[in-house]
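Engineer: Sharing a structure with you now.
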Amino acid sequence: MTETFAERLHQTRLGLGRRIVDHIRNTTSDLADSAMRNTVSVYTDPARHAAERQKLFRETPVVACLSSDIREPGQFRTFDETGAPIVVVRGRDGEVRAFLNVCLHRGARLVRETQGKANLFTCWFHGWSYANDGRMAAAPEAERFTDARGASALGASKHLIAVPAAERYGLVFVQATPGSTMDIDAHLGAFGPQLELLELDKAERVKDGVLKVASNWKYALDTYGEGYHFAALHKQTLAPYFRNDITVYDGFGPHHRVLFVGRELEAWLDKAEEDWGVDDALGGIHYIFPNTILFAGAVSPGKRYYTLFRHFPGETPGETTTYKTIYAPGGVKTAEHRKEVEDAWDATAHVVATEDYVVSAEGYRNLIAMPAGSTVIYGRQEISLQNVHRTLAAAIGMPLPDIAANPPPLKEAAE
Ligand code: FES
Ligand SMILES: [Fe+2]
């Protein structure tokens, strides 16, 4: 008999719950094989930064929004975060498409609202219009766009320039290079069925905003990947509710899932599995390569929202913009529920802005000041950081130097 979705969901959660209980009981954690040194220049080198911006943000599928953000035919959102001006729109046939947000008359920005619903996009410069499947609908005085023989010269101007787009598991992916090919199923691989379990297509957007930090985008991203820092950095905010010593890590190709262990789960040790309430209890992050964190949970215990953090590099290695959106899984139920989710956005933003991103900005300034050849080190519990940095570096064709073979210049203190 084939397993139903509900059974698969429950069994996955139960399996994770058992691993958590084992770790609590044995004071263990999922760990990498060894600690790993990384060269500081990975965060600061302008040449690496340029390669990342091109390879990871223009030539890799990137999450533009959730399917539910453009649920209705004609609903659109602009997507400028990679640097290329793009509009993502659901057509009358239900398909999600993406186009360069460029009018083909003389290049004006076609869609100037950041979101909305339209059957026709009309350029504000001279009034050319396009259907939401990209085909030109009308051009004023079109009969004057002719060649010397009087034939129409519009040709290539009759269809917006398409950019690869695909919708999977409630996520909308865009690869910000026209004419490139995108294989989203190959990209997601075994992570797809895990994302499916989140039922993102039922989630409803409640609040969004932008967090900026004067740091490298990977330094910002790193702060989402490990719970090791909860006890020190988040002493007041997260440490009262979450253990910092247990990581539950699963890698799926370049993507991963990390669960953070709420202290209330310690009570599971004295309970039968059926009484764990495992379906409402698990929180953590899904990392969608290269830049997206989907956080399931809240900075307070017992609540479960979806917060999407999409990190984008700026012009220089020291600028990052994080687009942060909170969703109500299963939709908003009541006005109070909406308020609660809005408050959760504020609470997470407060922790990120006053703690994680302060560390990120100060740390980035420090990395710049360190002598050439300096390194940082990721512990065995910072397993996700190890994988992220190895994978990102390999993907841009600039693999990390083998630090083990090139010991750092500073001698370790004698034990
Ligand atoms: S540039 Fe759009 S109509 Fe002229
Ligand atoms: Fe943090």
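The values are calculated or read from the model by the stated rules, or taken from the named source; none is laboratory data. Computed from a predicted structure; not experimentally measured. Don't worry about glycine lacking a Cβ; one is built from the backbone with ideal geometry, like all the others, and counts go over all protein chains shown.
Engineer: Taking segment 112-154 only, how many residues are closer than 17 Å to residue 90 by Cβ and within 11 Å of ligand 1 (Cβ to nearest atom)?
Structural biologist: The qualifying residues number 2.
Engineer: Only residues that are under 22 Å from the mean Cα position of the chain (by Cα) and either among the basic types (Lys, Arg) or not assigned by TED's automatic domain parsing to the domain that holds residue 137 (or both): list them for segment 86-113, please.
Structural biologist: Passing the criteria: 90, 97.
Engineer: I've got another one for you. Test residue 121 against the criterion of being at pLDDT 95 or above and in a strand (DSSP E or B), and give yes or no. Before the answer, list the steps.
Structural biologist: On the way: at pLDDT 95 or above: yes; in a strand (DSSP E or B): yes.
Yes; evaluated as a whole, the condition is true for this residue.
Engineer: Which number in (1) of a type outside the set (Phe, Trp, Tyr); (2) surrounded by 14 or more Cβ atoms within 10 Å (Cβ to Cβ); (3) free of Cβ contacts under 8 Å to residues at least 24 places away in the same chain marks the one condition that residue 160 misses?
Structural biologist: Residue 160 satisfies all of (1) of a type outside the set (Phe, Trp, Tyr); (2) surrounded by 14 or more Cβ atoms within 10 Å (Cβ to Cβ); (3) free of Cβ contacts under 8 Å to residues at least 24 places away in the same chain except (3).
Engineer: Here's another thing I want to ask about it. Give the residues of segment 83-99 that are in contact with a Pro (Cβ under 6 Å, 6 or more places away or on another chain) and either crowded, with 23+ Cβ neighbours inside 10 Å or in a strand (DSSP E or B) (or both), sorted by residue number. So that I can check it myself, show each step before the final result.
Structural biologist: First, pick out the residues of segment 83-99 that are in contact with a Pro (Cβ under 6 Å, 6 or more places away or on another chain): 90, 92.
Of everything in segment 83-99, just one residue is in contact with a Pro (Cβ under 6 Å, 6 or more places away or on another chain) and either crowded, with 23+ Cβ neighbours inside 10 Å or in a strand (DSSP E or B) (or both), namely 90.
Engineer: Based on what the data block shows, is residue 12 surrounded by fewer than 18 Cβ atoms within 10 Å (Cβ to Cβ) and without any contact (Cβ under 8 Å) to a residue 12 or more places away in the chain?
Structural biologist: Values: surrounded by fewer than 18 Cβ atoms within 10 Å (Cβ to Cβ): yes; without any contact (Cβ under 8 Å) to a residue 12 or more places away in the chain: no.
Taking the combined requirement at face value, the residue does not satisfy it.
Engineer: Look through 83, 116 and report the one residue that is farther than 30 Å from residue 254 by Cβ and either under 24 Å from the mean Cα position of the chain (by Cα) or within 16 Å of ligand 2 (Cβ to nearest atom) (or both).
Structural biologist: Details: 83 fails: farther than 30 Å from residue 254 by Cβ.
The match here is 116.
Engineer: Could you check, for segment 201-224, whether at least one of its residues is modelled with pLDDT of 95 or more, in a helix (DSSP H, G or I) and either within 30 Å of residue 134 (Cα to Cα) or not assigned by TED's automatic domain parsing to the domain that holds residue 297 (or both)?
Structural biologist: Going through segment 201-224, the residues modelled with pLDDT of 95 or more turn out to be 201-224.
Checking the rest, the ones that are also in a helix (DSSP H, G or I) come to 201-202, 217-222.
Still in the list and also either within 30 Å of residue 134 (Cα to Cα) or not assigned by TED's automatic domain parsing to the domain that holds residue 297 (or both): 201-202.
Yes, segment 201-224 contains a residue that is modelled with pLDDT of 95 or more, in a helix (DSSP H, G or I) and either within 30 Å of residue 134 (Cα to Cα) or not assigned by TED's automatic domain parsing to the domain that holds residue 297 (or both).
Engineer: Shifting gears a bit: Name the residues in segment 323-355 that are of a type in the set (D, E, K, R) and assigned to a strand (DSSP E or B), would you?
Structural biologist: Going through segment 323-355, the residues of a type in the set (D, E, K, R) turn out to be 324, 333, 336, 338-340, 342-343, 346, 355.
The answer is 324, and nothing else.
Engineer: In the set 80, 33, which member is out of contact with any Lys or Arg (no Cβ under 7 Å at 6 or more places or on another chain) and in the same structural domain as residue 193 (by TED's automatic domain parsing)?
Structural biologist: Working: 80 fails: in the same structural domain as residue 193 (by TED's automatic domain parsing).
Step by step, each of 80, 33 is checked, and only 33 is out of contact with any Lys or Arg (no Cβ under 7 Å at 6 or more places or on another chain) and in the same structural domain as residue 193 (by TED's automatic domain parsing).
Engineer: List the strands (runs of 3 or more DSSP E) inside segment 133-191, counting only whole elements, that have at least 3 residues being more than 18 Å from the chain's Cα centre (by Cα), more than 30 Å from residue 52 (Cα to Cα) and modelled with pLDDT of 95 or more.
Structural biologist: On the way: elements: 136-138, 165-168, 171-174.
Per the criteria, 136-138.
Engineer: Which pairs do you get when a residue that is away from ligand 1 (no atom under 16 Å from the Cβ), found in segment 226-245, comes within reach of a residue that is part of a loop (DSSP other than H, G, I, E, B) and of a type in the set (A, V, I, L, M, F, W, C), reach meaning Cβ atoms under 7 angstrom, with the pair 6+ apart or on two chains?
Structural biologist: 230/238; 230/239; 231/239; 237/299; 238/299
Engineer: Have a look at 295, 252, 260, 230 and point out the one that is touching a Ser or Thr at 6+ places or on another chain (Cβ under 7 Å) and either surrounded by fewer than 20 Cβ atoms within 10 Å (Cβ to Cβ) or aromatic (Phe, Trp, Tyr) (or both).
Structural biologist: On the way: 252 fails: touching a Ser or Thr at 6+ places or on another chain (Cβ under 7 Å); 260 fails: touching a Ser or Thr at 6+ places or on another chain (Cβ under 7 Å); 230 fails: touching a Ser or Thr at 6+ places or on another chain (Cβ under 7 Å).
Answer to the check: 295.
Engineer: Take segment 83-116 and flag every residue that is among the charged types (D, E, K, R) and farther than 11 Å from residue 174 by Cα. Write out each step before concluding.
Structural biologist: Taking segment 83-116 as the starting set, the residues that turn out to be among the charged types (D, E, K, R) are 90, 92-93, 95, 97, 106, 109, 112-113.
Within segment 83-116, 90, 92, 93, 95, 106, 109, 112, 113 meet the criteria.
Engineer: Which pairs turn up if I take residues in segment 95-119 that are basic (Lys, Arg) and look for partners that are part of a loop (DSSP other than H, G, I, E, B) and surrounded by fewer than 14 Cβ atoms within 10 Å (Cβ to Cβ) with beta carbon separation below 7 Å, at least 6 apart in sequence or on another chain?
Structural biologist: Filtered contacts from segment 95-119: 106/125; 112/124; 117/72.
Engineer: Is there a residue being surrounded by fewer than 17 Cβ atoms within 10 Å (Cβ to Cβ) and small (Gly, Ala, Ser) anywhere in segment 166-181? Give the derivation first.
Structural biologist: Here is the first cut: in segment 166-181, the ones surrounded by fewer than 17 Cβ atoms within 10 Å (Cβ to Cβ) are 178-181.
Narrowing the set further to residues that are small (Gly, Ala, Ser) leaves 179-180.
Within segment 166-181 (the criterion being surrounded by fewer than 17 Cβ atoms within 10 Å (Cβ to Cβ) and small (Gly, Ala, Ser)), the answer is yes, since at least one residue qualifies.
Engineer: Right, another one. Could you look through segment 347-364, keep only residues that are in contact (Cβ under 8 Å) with a residue 60 or more places away in the chain and of a type in the set (D, E, K, R), and pick out the one that is surrounded by the fewest Cβ atoms within 10 Å (Cβ to Cβ)?
Structural biologist: 355
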